[in-house]
Amino acid sequence: METMSPLERILRGIALTLVVIFFMFPIVWIFLMSFQTNETILRIPPSVIFTPTLDNYAALITGKLTTAAGTLDIAFMRNLGNSVFLSVASVALALVLGVPAAYAFARHKFRGSEDIAFTLLSFRFAPPLLVLLPLTQYFQWLGLSNTYFGLIWVYQLICLPLILWIVRGYFEDISADVEYAYRIAGHSWFSTFRKIALPLAGPGIAAAGLLAFIFAWNNFVFALVLASADKQPVTVGALAFVTASGIQYGQIAAAIVLSITPTLALALYAQRYLVEGLSLGAVKG
Amino acid sequence: MNDTALSIDNVDKFYGPVDYGVHAVKRLSMEVKKGEIIALLGSSGCGKTSTLRMIAGFEPVSRGTISLGSRQVQTLPPVRRNVAMAFEGYSLYPPLTVRENIGFALKASKLSQAVVDEKVASIAKLLEIEDILGRYPSSISGGQQQRASLGRALIRDAALHLLDEPMGQLEPQLRAVLRGRIKHYIKERGLTAILVTHDQTEANALADRIAVMEGGVLQQFDTPKKIKERPANLFTGTFVGEPPMNVFEASVSGSGTGIRFGLKDGVHLDYHTSDFSHPVREALLKRQKVVLGVRPYAVRRSADGVTGRVAVNQWLGDQTHIAADFAGGTMVLVEHDRTSLEIGQPIGIRLEPSSLHVFDSESGNAISHGEELA
């Protein structure tokens, strides 16, 4: 790295600080809010000095929300469970379907292969709202409304193109000759896929899977329209905190903290794989 | 007893739709005997690697048949063909050490670990990679990877060994040593090998027969000696040989006792009718236009020869390359001694009739080599 003058160093420091504050402030603020009551949150001027309380978390975990108008049942823990189940199942299904498809697209150029791959990618261009109305109709006819199966199916719109396109790139980076060398040494096409292609693309598949998981986890609009309360994930479940007697800011903040924790942990864990995945070039000899 | 290891019969290869795609290999037919080493020699894109990949089973055959021994294999997957291959891009398995990479090819053969280790050690010694057996492919040089890849192919006991540019990344000295050792190894075990190369020295040193390819067409398939002495056409003549053969277009005319080749700039070469056999004379005089070829080693300097002017005089340490302006073109001569010729100095050039290769000016096919018909 080239040396910097003191002035450059200072400017760089300021720029970095601004960026960090810009991105971290909402998260830190929400984290602080989650330990406050509605009164301390809404006082003017706002202050970072308060007596922390765990009431918000307690309410979420017990499922009893006490408001001025009485006690409300909330299904937050169930929503959290739904989020985990829907995201994991969607990504698992997308991997089972997407990885072999990515391999096929990477290794075999057949008539229309580019068109099919592009069509799958185009699902990511279309705004979800565009397809929601017809989808709602179809789901009602098919009896898929408010089922986990239906939601996981729709989540493939999010996960499948992502996994397909990322993993395809990783497969294309593996020299086909490595696989040929394995096949000519007396192995079938399928065992070559399992023993050579999959392990070599492993870090890429892991990275794509984690990315798809985060996208699935953060999805809001599909679940809002296509599922009712008992099947909804946390992103939609948080709406329950907008109650007749006002918005429960403290509980919302606590719910957000709880719901971003899994994705945050995964993202931190995934960093390793992303770096490993990107240094795959060593395969090329 | 059938001693044919491989026979390729009328094979076509199209990339894209058959008959409309890129026609990479055109009606290729050749037979390889057991225990032979064959070199597929040609420039980039001549179809040699496509041919090798069709034999291995990585590229579908568009038309025609490929047989290993007596069984047709063109529709079988690679796993069922029993061929070994060394890849130009090495293609070692990154998670395995060099030792595992080489020994890996023997896994399927169910040999005991001790036998595998012994075989790996002996091939590693042959290829001078004993000291890197414990290392991973990503931590060794290209030349070492190439030798490991070669070892992985040679260690197998396959019906046919395919070697795609097996020594392209090695230093010249090592290449010369390994050529000899590999040839000995293959011959000793009676293996059959097909080598793809664009390096004619390698082809000459290793191969029993060379298949020269160009534009997807097999130009000539013969021993290195025959290819050098009796090139089947103008392409083979100019492609094989270093420095390349000198070629000049010429008109042919005959008088009672002589044959005259008229070159550009009014230069003409006169020969006595007795310099050529009767059939050659007839064949030559039937044509008006021919192409004359002569190897640089065969060009002689002589006071009574045709005049040319020295344009380049290079001493290469063991031989002199002289390029002379001659008949509107360039004539290259190779001499074994250091010659002191000034640039621009006139020299007499003599082409012995026995060293002349005559080609048809339209088809490029050889008409005669020296006194004999092609």
Distribution output for the stretch B:19-89: share of Cα-Cα pairs per 10 Å bin in percent, first bin at 0, values 16, 53, 29, 2
Kirkwood Rh for the stretch B:45-130 from C-alpha pairs, in Å, is 15.1 Å
Simple spin-label estimate for residue B:285/residue A:137, 7 Å along Cα→Cβ, in nm, reads 9.3 nm
Within the stretch A:153-169, the residues whose backbone N lies under 19 Å from a label point placed 7 Å from the Cα of residue A:122 along the Cα-to-Cβ direction are A:156-166
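Charges only on Cβ, +1 for Lys and Arg, -1 for Asp and Glu: so what's the dipole of the protein assembly as shown about the Cα centre, in debye to the nearest 20?
Using Cβ point charges on Lys, Arg, Asp and Glu, the protein assembly as shown gives about 1280 debye.
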In degrees, nearest 10, the alpha-carbon axis of helix A:198-218 is tilted away from the dominant principal axis of the alpha carbons of chain A by 30 degrees
proj_area_mean for the stretch A:128-285 (convex hull on C-alpha atoms), units nm², value 12.6 nm²
Check: C-alpha center the stretch B:308-356 vs C-alpha center the stretch A:146-162, spacing in Å is 78 Å
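Tell me, what is the percent relative contact order of the stretch A:6-73, built from C-alpha pairs under 8 Å that lie six or more residues apart?
After rounding, I find 20 percent.
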In degrees rounded to 10, the 0-90 angle between helix A:148-173 Cα long axis and the longest Cα principal axis of chain A is 50 degrees
Relative contact order as a percentage, chain B, C-alpha pairs under 8 Å and 6+ apart, gives 14 percent
Expressed as a whole number, the average count of other chain Cβ atoms within 10 Å around the Cβ atoms of A:183-193 is 6
Among A:156, A:97, A:243, the residue whose Cα sits farthest towards the positive end of the charge dipole of the stretch A:77-284, when +1 is placed on the Cβ of each Lys and Arg and -1 on the Cβ of each Asp and Glu, is A:97
For chain B, the longest principal axis of the Cα atoms and the Cα long axis of helix B:113-127 enclose an angle in degrees, to the nearest 10, of 20 degrees
Here Rg/Rh (Cα, Kirkwood) for chain A equals 1.07
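Report D for the protein assembly as shown in µm² per second (integer): Stokes-Einstein, Kirkwood Rh on Cα pairs, 25 °C, 0.890 mPa s.
Approximately 77 µm²/s, per Stokes-Einstein.
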Mean other chain Cβ within 10 Å across B:80-88 is 3
Check: C-alpha center the stretch B:187-221 vs C-alpha center the stretch A:179-217, spacing in Å is 37 Å
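Give me Rg/Rg_expected for the stretch B:4-232, where Rg uses Cα atoms only and Rg_expected = 2.2 N^0.38 Å with N residues.
Output field value: 1.00.
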Scan of chain A for chymotrypsin sites (Phe, Trp or Tyr not before Pro) in DSSP loops with at most 10 other beta-carbon atoms within 10 Å gives a longest site-free stretch of A:126-285
Most fluctuating of B:182, B:227, B:37 in the GNM of chain B (C-alpha, under 10 Å) is B:182
The simple spin-label model distance between residue B:201 and residue A:9, using points 7 Å out along Cα→Cβ, in nm, is 5.6 nm
Computed for the stretch B:4-232: size of charge dipole around the Cα centre, +1 on C-beta of each Lys and Arg, -1 on C-beta of each Asp and Glu, debye to nearest 20, value 480 debye
A correct Stokes-Einstein calculation for the stretch A:1-69, using the alpha-carbon Kirkwood radius, 10 °C and 1.306 mPa s, returns a whole-number D in µm² s⁻¹ of 103 µm²/s
If every Lys and Arg gets +1 and every Asp and Glu gets -1 at its Cβ, then about the Cα centre chain A yields a dipole, in debye to the nearest 20, of 380 debye
Computed, not fitted: 222 nm per-residue ellipticity of the protein assembly as shown from DSSP H runs ≥ 4 (each -39500 (n - 2.57)), nearest 500, equal to -14000 deg cm²/dmol
So the FRET efficiency between residue B:362 and residue A:107, C-beta based with R0 = 60 Å and rounded to 0.05, is 0.85
Once normalised by the length of the stretch A:77-284, the mean sequence separation of its alpha carbon contacts under 8 Å that are 6 or more apart gives a contact order in percent of 32 percent
Whole-percent tail of the Cα-Cα distance distribution for the stretch B:246-373, cut at 20 Å, equals 43 percent
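Since every read-out is calculated from the coordinates, none of them should be taken as a lab result. Since this is a predicted model, take the numbers as computed values, not measurements. Here Cβ is always computed from backbone atoms with ideal geometry, including for glycine, and neighbour counts include all displayed protein chains.
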